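Asker: Have a look at this one.
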Amino acid sequence: MKTSTISNNKTVSKTVTKLTAKKTYYVRVRTYKNVKVNGKTMKLYSGWSTVKKTTVK
């Protein structure tokens, strides 16, 4: 499993490198927002997106 965090909120795409050819990968996305709770900054996550299936050429 690979995890990637994008801190710029204007980014609309992400290139994933070091994948194996002719293999199927499943990708899903969720967003987060930094919120302050009792003086501490925490990440508030959304639900996961639907799964997108893609095969590397």
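Asker: Round to a whole number: what % of the accessible area of the chain belongs to carbon and sulfur, probe 1.4 Å?
Answerer: Values: 3110 of 5880 Å².
Here it works out to 53 percent.
Asker: Give the accessible surface of the chain per residue, rounded to a whole number of Å², with probe radius 1.4 Å and ligands, DNA and RNA excluded.
Answerer: Per residue, the chain has 103 Å² of solvent-accessible surface.
Asker: Which value results for Rg/Rh of the chain when Rg is the Cα radius of gyration and Rh the Kirkwood radius based on the inverse mean 1/r?
Answerer: Details: Rg = 14.8 Å, Rh = 13.8 Å.
Value, to two decimals: 1.08.
Asker: Across segment 20-29, in residue order, what do the Karplus-derived ³J(HN,Hα) couplings come to in whole Hz, using 6.51 cos²θ - 1.76 cosθ + 1.60 with θ = phi - 60° and x for Gly and Pro?
Answerer: Values per residue, Gly and Pro as x: 8, 5, 6, 10, 8, 10, 10, 10, 9, 10 Hz.
The values are calculated or read from the model by the stated rules, or taken from the named source; none is laboratory data. All of these numbers come straight from a predicted model, not from anything done at the bench. Accessible surface is based on the protein model in full, side chains and every heavy atom, while ligands, DNA and RNA are left aside. Shrake-Rupley method; radii C 1.70, N 1.55, O 1.52, S 1.80 Å.
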